[in-house]
1. Counting only residues that are surrounded by fewer than 16 Cβ atoms within 10 Å (Cβ to Cβ) and either in contact with a helix residue (DSSP H, G or I) (Cβ under 6 Å, 6 or more places away or on another chain) or not basic (Lys, Arg) (or both), how many does the stretch 145-157 have?
2. Can you tell me which of (1) without any contact (Cβ under 8 Å) to a residue 60 or more places away in the chain; (2) surrounded by 19 or more Cβ atoms within 10 Å (Cβ to Cβ); (3) more than 19 Å from Gly86 (Cα to Cα); (4) not polar (S, T, N, Q) is the one Asp137 doesn't meet?
3. So which of Tyr146, Tyr168 is hydroxyl-bearing (Ser, Thr, Tyr) and out of contact with any strand residue (DSSP E or B) (no Cβ under 7 Å at 6 or more places or on another chain)?
Amino acid sequence: MTDQELKDLVASLAESGKETDRMIKELGAQIGGISNNMGHHAEQFFQDVFRRKLEFGRMRYDEMIPNLIYKDKGVKIEFDIALLNGESIALIEVKNRIHPDFVKELAEERIENFRKFFPRYSDCRAYLGIAGFSFCDEVLAQASRYGVGVVKQVGEGIEIRADNLRAY
């Protein structure tokens with residue numbers, strides 16, 4: 001192979017690498033879009049359910065707030081569903097698929113941030129829930145340990161497991 005043929009081959013491989021990189025970025029964007037759409041679908045489904053069924057953990061609620069948000073000075077905290085009744089607030093986070101680490105984060109960190117950044121609810125007992133389409137046994141065990149309610153799709157409706165719900 002001559003020096004020129006070697007240079008041409010290297011240039012061709014470099015160009016192919018650039019095209020591969022571009023295609024991978026494009027594919028990543030498409031996959032990210034699908035994931036975002038699935039997450040939005042899950043949020044919409046469970047928000048619609050709780051808009052009609054103002055009940056969680058054998059408690060009735062008067063109001064459902066979709067996407068309860070605090071945003072100020074670079075801090076943004078959001079809860080997908082908040083149910084209020086004057087004495088209690090249920091904070092339900094929605095994911096297409098729940099991972100075990102998320103339950104711990106919700107019960108240990110996010111509830112502290114809720115108490116810090118939403119002082120208007122300081123007199124309310126706070127109950128936590130996770131809603132999703134897919135749960136593994138480890139998530140269900142974590143939820144039980146932390147006293148976090150589980151909301152999952154069953155057919156066209158939902159099933160709520162909140163027998164050992166804990167107030168935070």
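Rule-based calculations on the coordinates, nothing more; no lab input. Here the structure is a predicted model, which is why all the values come from computation and not from measurement. Glycine gets a Cβ as well: all are built from the backbone with ideal geometry, and neighbour counts include every protein chain shown.
1. First pass over the stretch 145-157, keeping only residues surrounded by fewer than 16 Cβ atoms within 10 Å (Cβ to Cβ): 145, 154-157.
From what is left, the residues that are either in contact with a helix residue (DSSP H, G or I) (Cβ under 6 Å, 6 or more places away or on another chain) or not basic (Lys, Arg) (or both) are 154-157.
Adding up the residues that qualify gives 4.
2. (2)
3. Details: Tyr168 fails: out of contact with any strand residue (DSSP E or B) (no Cβ under 7 Å at 6 or more places or on another chain).
When all the criteria are applied, what remains is Tyr146.
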